[in-house]
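Novice: Here it is, the structure, as structure tokens.
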Amino acid sequence: MIGLDPIELATHFITDGIGMVCLLLDRSRIDLGQLLQHGAELPVDIQHSVHTRRVEYLAGRYCARQALGQLGAATWTVGRKADGAPDWPEGVLGSLSHTEERVIACVAWQSEWSGLGIDIEKIVGTEMLLSLEHLVFTQTDKLQMQASHLNLLETATLIFSAKEAFYKFIHPQTYARLDFKDVSLQAMDSDGFTIELHKDLGAPWGKGRRVRGSYLFESNHVITLIAKSRTHPDS
């Protein structure tokens, strides 16, 4: 076996029209040779990287290909752009994320979706929380932490992950550089969250623009997703 086992996600987190695959990454069982047989190629610079980097790259591409299979494009592969970002097949939107123990990918047709961003994070510890409070959280974020129905570490991780998902969602549309404090978690409930942009990125992404996202706790991880449909742009 290649050391990547499927994780079944809660059905309410699955969105029609989006291919999504989450895999448990068992680094002790990873077989790079078998992963290479599944259509992924290692860029020259990564061929000479440490083993961990090669594992993460190939696991991400394998996961992405499994997600593409849900769109009926199982033979398509995901390359790598000059800046290191995934190079998705023409006509496809995609997003990748991983931790030490998980890898997740989602894909959708560009004709149906205008934006897509996914992130997965392991629940942070108390030491990491202090860094997040200083470098990542706005005053609005901190107010959300106080009001949250989740515990402090879960809420902190969710806010951080939501900002990561938003960056992956917005960057292919604007190519803008954002700091963590350029967005805030404006609202959060059991169904999802709302991100507010504090920086003008040009129409239609002006200052004050809000976008809705969803989240899912999976074991000791949180997954966040922001996806914008062309047919239901306000959903």
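This table checks each residue for (1) outside the structural domain of THR194 (by TED's automatic domain parsing); (2) in contact with a helix residue (DSSP H, G or I) (Cβ under 8 Å, 6 or more places away or on another chain).
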{"position": "ILE104", "(1), (2)": "yes, yes"}
{"position": "LEU116", "(1), (2)": "yes, yes"}
{"position": "SER131", "(1), (2)": "no, no"}
{"position": "ASP141", "(1), (2)": "no, yes"}
{"position": "LEU152", "(1), (2)": "no, yes"}
{"position": "LYS168", "(1), (2)": "no, no"}
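Novice: Quick one: is LEU185 at pLDDT 95 or above, part of a helix (DSSP H, G or I) and not small (Gly, Ala, Ser)?
Specialist: no
Novice: Further question: Before we move on, is ILE226 of a type outside the set (Ser, Thr, Tyr), buried (at least 18 other Cβ atoms within 10 Å of the Cβ), under 21 Å from LEU135 (Cα atoms) and within 15 Å of the chain's Cα centre (by Cα)?
Specialist: In short, no.
Novice: Residues that are touching a strand residue (DSSP E or B) at 6+ places or on another chain (Cβ under 9 Å) and of a type in the set (A, V, I, L, M, F, W, C): list the strands (runs of 3 or more DSSP E) wholly contained in the stretch 1-100 that include at least 3 such residues.
Specialist: Where strands (runs of 3 or more DSSP E) fall fully within the stretch 1-100 and carry at least 3 residues being touching a strand residue (DSSP E or B) at 6+ places or on another chain (Cβ under 9 Å) and of a type in the set (A, V, I, L, M, F, W, C), they are 18-25, 92-98.
Novice: Do we find a residue being among the β-branched types (Val, Ile, Thr) and in a helix (DSSP H, G or I) anywhere in the stretch 217-225?
Specialist: Of all residues in the stretch 217-225, those among the β-branched types (Val, Ile, Thr) come to 222-224.
From the residues that got through so far, the ones that are in a helix (DSSP H, G or I) too are none.
Within the stretch 217-225 (the criterion being among the β-branched types (Val, Ile, Thr) and in a helix (DSSP H, G or I)), the answer is no, since none of the residues qualifies.
Novice: Can you name the number of the only condition in (1) outside any strand (DSSP E or B); (2) surrounded by 15 or more Cβ atoms within 10 Å (Cβ to Cβ) that GLN146 fails?
Specialist: (2)
The values are calculated or read from the model by the stated rules, or taken from the named source; none is laboratory data. What you are looking at is a predicted structure, and each value in this text was computed from that prediction instead of being measured. Positions of Cβ are generated from backbone atoms using ideal geometry, with glycine treated the same way; all protein chains shown enter the neighbour counts.
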